[in-house]
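Before any comments, here is the structure.
The values are calculated or read from the model by the stated rules, or taken from the named source; none is laboratory data. From a predicted model like this one, the values you see are computed outputs, not experimental measurements. In this analysis, Cβ positions are derived from the backbone assuming ideal geometry, glycine residues included, and neighbour counts consider all displayed protein chains. We work out accessible area using only protein heavy atoms, side chains counted, and drop any ligands, DNA or RNA first. Shrake-Rupley method; radii C 1.70, N 1.55, O 1.52, S 1.80 Å.
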Amino acid sequence: MQSLNTYRAGPDERGHFGIFGGRYVAETLMPLILQVEAAYAAAKADPAFEAEFRELLAQYVGRPNPLYFARRLTEAFGGAKIFLKREDLNHTGAHKINNCIGQILLARRMGKKRIIAETGAGQHGVATATVCALFGMQCVIYMGSTDIERQMPNVYRMKLLGAEVKPVTSGAATLKDAMNDALRDWVSNVDNTYYLIGTVAGPHPYPTMVRDFQSVIGEEVRAQILAQEGRLPDSLVACIGGGSNAMGLFHPFLDEPLVRIIGVEAAGHGLDKLHAASLTGGKPGVLHGNRTYLLQDADGQIAEAHSISAGLDYPGIGPEHSWLHETGRVEYVSITDDEAVAAFLQCTRLEGIIPALESSHAIAHAGKIASTLPKDHLMVVNLSGRGDKDVSTIAKALGDVHLGGLV
Amino acid sequence: MSRIAKRFEALRAGNRAALVSFIMAGDPDRAACQAVLNGLPAAGADVIELGMPFTDPMADGPAIQLAAGRALAAGGSLKQTLEMVAEFRKADRDTPIILMGYYNPIYAWGPEKFAGDAALAGVDGLIIVDLPPEEAGELVPFLRSAAIDFIVLTTPTSDDARLPVVLANASGFVYYVSIAGVTGTGSATSAAIEAAVTRIRRHTALPVCVGFGIRTPEQAAEVARAAEGAVVGSAIVQALADQGPAAALALVETLAAGVRAARK
């Protein structure tokens, strides 16, 4: 593998991280993608844009959120000190709002009045509907009908916020299919519509832009752990579907060689069965505007992913993660549905914090390795969202099992 | 001279446009699709576009999405698509075949190897929906070596600054996507099509074929007066799905009649 002075310089001017990334979209969209790129470059150079973004993060989202020392989880795991980055305490209950604030400001700058987005768990849909309400924009959310069923509370929240939720029935009717339909909408409404992508994937400049907006997570963690512990963390752990909460936490630390960085994919029913672990079980391919690791068959047909967590149920991953995987800078591991559910319960019972099923994958992995690490090891786990939306999924997963016996 | 160039030269000599007809390879199954494919030239198709089925056809409307789904469910694959072309070539050495689809199956095959294998099967051109000029460099040189045309898509959003970038890779003909949208949905007005074709001609000497939203012989005839070819896809695919192979070929016959009468 290449040895690099920095892992933070990418992508190149064409949006490539090594062989990953790029702009694999229909020609109808290319001029618009180039406009988004130019508009984002201009916004980034404009101090007023940055100031408004920071102001909204502070006053509307409620940042900074705490870096919470989870004493009881630490005791239960029996090793490393566990800190939870409390993205669940953001307005709307997940990290997704950070990116939505940034992109809605960009959409307004570009004069767009209609916003479309895809959503899996509904957290990005809710965050998008929220900023659309705040800025008075029309909002259309594409969501797989399978996900609509398992994330009903979020569907209702989006509708309350004034969004139109369009059910997608093609394929397995999950996040991948929602993204297909969002792209079809965009190609049909190029003049007035801005596509607010929710993760670090899609055509350039989205992976970079979403990473930049989410990097506030890692920037805060750095300042907070220095204030609380007087030094940088020893390890970072975050769950990965597309990978935006992970990239937001990781990116500010990529050039700190002593910080071990771990991304946790969804192993679903198991890596030899249906899962959503693109890096572990996939190979490079091209989908949804970028080259990245994808679950696919030998013919290049995209496989259906599976995770109990709707937000991780995607057969791809952000291209920068693919690159960090190949360079070896970040370790990528996976956690099964059952392990995630157990971690969900453990965190809920021990800390009084109901984590999202997505984030529960990160907690589960932390629990797996913490006991092998010394007690002065500082481990930051990204609690990317809250789990209220998941209670019916959990109830279904547990069936008749008596809750009291599980923790 | 390539089959595509020969075909357009002959059409120009006869003062008429091409009917370019699209079907999805393997839809509804291999045998039925092969029969339709083999029957297209006799029904009046001058150029054939054969869809390469893909699980995630992001630029297609419902008719072609469903066709891809049927083909894949029946065992369709890129390998089968090339086998169908080779089978077609046993009886027809003149009708150009263009493969149309998405990049990932080709990337999985290996672009260089695919170009060679496609040429051996008798493929004349390739349209890759999600490979804009910014990324096309990873495929186009291999196509050139294999003498396969890279047929580019221009759209209502390709302005005068963008057109030269798009057309830099073009050979064979230029496909004008007449609406900003997915296949099988809206239709452009003939005035808009004429204006767009006129604009494209300022940037290229290649034949221009127009597609998206052309469903009837009348629409095909209008396009045939403005451009070198009219592409019909979703309507044929829909006829095949709803009424079967004979109806699909009958529709191609009426479309061909429309195109052939257009400039008389």
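Less than 5 angstrom separates the built amide H of A:Val165 from those of A:Ile141, all sequence-distant by 5 or more or on a different chain.
Within the listed set B:Asp160, B:Asp117, B:Asp60, the residue fluctuating most in the Gaussian network model of chain B (springs between alpha-carbon atoms under 10 angstrom) is B:Asp160. When the charge dipole of the protein assembly as shown is built from unit charges on Cβ atoms (+1 for Lys and Arg, -1 for Asp and Glu) and taken about the Cα centre, the candidate among A:Leu57, B:Ala256, A:Leu274 whose Cα reaches farthest toward its positive end is B:Ala256.
Applying both filters, DSSP loop and at most 15 other Cβ atoms within 10 Å, to the trypsin sites (Lys or Arg not before Pro) of segment A:304-407 gives A:Lys375. For segment A:14-106, the solvent-accessible area of protein heavy atoms averages 33 Å² per residue (probe radius 1.4 Å; ligands and nucleic acids excluded).
For A:Arg150, the solvent-accessible surface computed with a 1.4 Å probe is close to 40 Å², ligands and nucleic acids excluded.
What are the DSSP H helices in chain A that stretch 15 Å or more along their long axis, judged by alpha-carbon atoms, and whose average Kyte-Doolittle hydropathy comes to at least -1.0?
Helices passing the filter in chain A: A:30-44, A:96-109, A:123-135, A:175-188, A:216-229, A:337-351, A:357-370.
With all protein chains in place and ligands, DNA and RNA left out, the 1.4 Å accessible area ranks A:His306, A:His361 as A:His306, A:His361, largest first.
Looking at segment B:34-103, the accessible area is 30 square angstrom per residue; that uses a 1.4 Å probe and ignores ligands, DNA and RNA.
Within the accessible surface of the protein assembly as shown, defined with a 1.4 Å probe on protein heavy atoms only, the carbon and sulfur portion equals 55 percent.
Give me the residues in segment B:115-158 whose solvent-accessible area, probe 1.4 Å, is reduced by at least 10 Å² once all protein chains are included instead of the chain isolated. Buried by 10 Å² or more upon assembly, which counts only protein chains, are B:Val129, B:Asp130, B:Pro132, B:Glu134, B:Glu135, B:Glu138, B:Leu153, B:Thr155, B:Thr157. Which shape class applies to segment B:110-262: rounded if a/c is under 1.5, otherwise prolate when a/b exceeds b/c and oblate if not, where a ≥ b ≥ c are the square roots of the Cα gyration tensor eigenvalues? Note, shape of segment B:110-262 comes out oblate. Of the residues A:His91, A:His16, ranked by 1.4 Å probe accessible area with the largest first, the sequence reads A:His91, A:His16.
Show that you can apply the helix-only estimate: for chain A, add -39,500 (n - 2.57) for every DSSP H stretch of four or more residues, divide by all residues, and state [θ] at 222 nm to the nearest 500.
One gets -12500 deg cm²/dmol as the mean residue ellipticity at 222 nm.
Derived scalar couplings between HN and Hα for segment A:298-306 equal 5, 7, x, 7, 6, 7, 7, 8, 9 Hz in order, rounded to whole Hz, by the Karplus curve 6.51 cos²θ - 1.76 cosθ + 1.60 (θ = phi - 60°), x for Gly and Pro. State the Cα centre-to-centre distance between segment A:140-169 and segment A:231-257 in whole Å. Computed from Cα coordinates, the inter-centre distance equals 30 Å. Here's the picture: charge each Lys and Arg Cβ at +1 and each Asp and Glu Cβ at -1 in segment B:3-261, and of B:Gln238, B:Asn169, B:Ala67 the one pushed furthest to the positive end of that dipole is B:Asn169.
First select every other residue whose beta carbon is under 14 angstrom from the beta carbon of A:Gly352; then total the charges, Lys and Arg +1, Asp and Glu -1.
Net charge in that neighbourhood comes out at +2.
Run the 1.4 Å probe and let me know the accessible area of A:Phe53, rounded to the nearest 10 Å². The value for A:Phe53 is about 10 Å².
Could you let me know the centre-to-centre spacing of segment B:74-132 and segment A:41-68, using Cα atoms, in angstrom? Computed from Cα coordinates, the inter-centre distance equals 49 Å. Accessible area ranking (1.4 Å probe, heavy atoms, ligands and nucleic acids excluded), largest first, for B:Asp56, A:Asp46: A:Asp46, B:Asp56.
Within the shell defined by Cβ-Cβ distances under 15 Å, the residues around B:Asp29 carry a net charge of -1, with Lys and Arg each +1 and Asp and Glu each -1.
Antiparallel beta bridges, as assigned by DSSP with both residues in chain A, represent about 30 percent of the total such bridges.
For the protein assembly as shown, the list of Cys residues with no other Cys C-beta under 4.7 Å reads A:Cys100, A:Cys239, A:Cys347, B:Cys33, B:Cys209. Interface area, chains A and B: about 2700 Å² of buried accessible surface, summed, with a 1.4 Å probe and ligands, DNA and RNA left out.
Scanning chain B for DSSP H helices at least 18 Å long along the axis (C-alpha atoms) with a Kyte-Doolittle mean no lower than -1.0 picks out B:30-43, B:245-261. Taking +1 at the Cβ of each Lys and Arg and -1 at the Cβ of each Asp and Glu, which of B:Gly14, B:Val129, B:Pro28 sits farthest along the dipole of segment B:1-131 towards its positive end, judged by Cα position relative to the Cα centre? Farthest towards the positive pole: B:Gly14. Rounded to the nearest 20, the Cβ-based charge dipole of segment B:92-228 about its Cα centre (Lys and Arg +1, Asp and Glu -1) stands at 240 debye. B:Cys33 contributes about 0 Å² of solvent-accessible surface, heavy atoms of the protein only, 1.4 Å probe. Our helix-only sum for chain B, with -39,500 (n - 2.57) per DSSP H run of n ≥ 4 divided by its residues, gives a mean residue ellipticity at 222 nm of -14500 deg cm²/dmol. Restricting segment B:37-141 to trypsin sites (Lys or Arg not before Pro) that sit in a DSSP loop and have at most 13 other Cβ atoms within 10 Å of their own Cβ leaves B:Lys90, B:Arg93. Simple point charges give the picture: +1 on the Cβ of Lys and Arg, -1 on the Cβ of Asp and Glu, and for chain A a dipole about the Cα centre of about 700 debye. Once you order the gyration tensor axes a ≥ b ≥ c over the Cα atoms, which shape class does segment B:3-261 get: rounded for a/c under 1.5, otherwise prolate or oblate by comparing a/b with b/c? Rounded, because the longest to shortest axis ratio a/c is under 1.5.
Rounded to the nearest 20 debye, the dipole size of segment B:3-261 about its Cα centre is 580 debye, using +1 on the Cβ of Lys and Arg and -1 on the Cβ of Asp and Glu.
Pull out a ≥ b ≥ c, the square roots of the eigenvalues of the alpha-carbon gyration tensor of the protein assembly as shown, then state rounded if a/c is under 1.5, prolate if not and a/b is larger than b/c, and oblate in the remaining case. Prolate.
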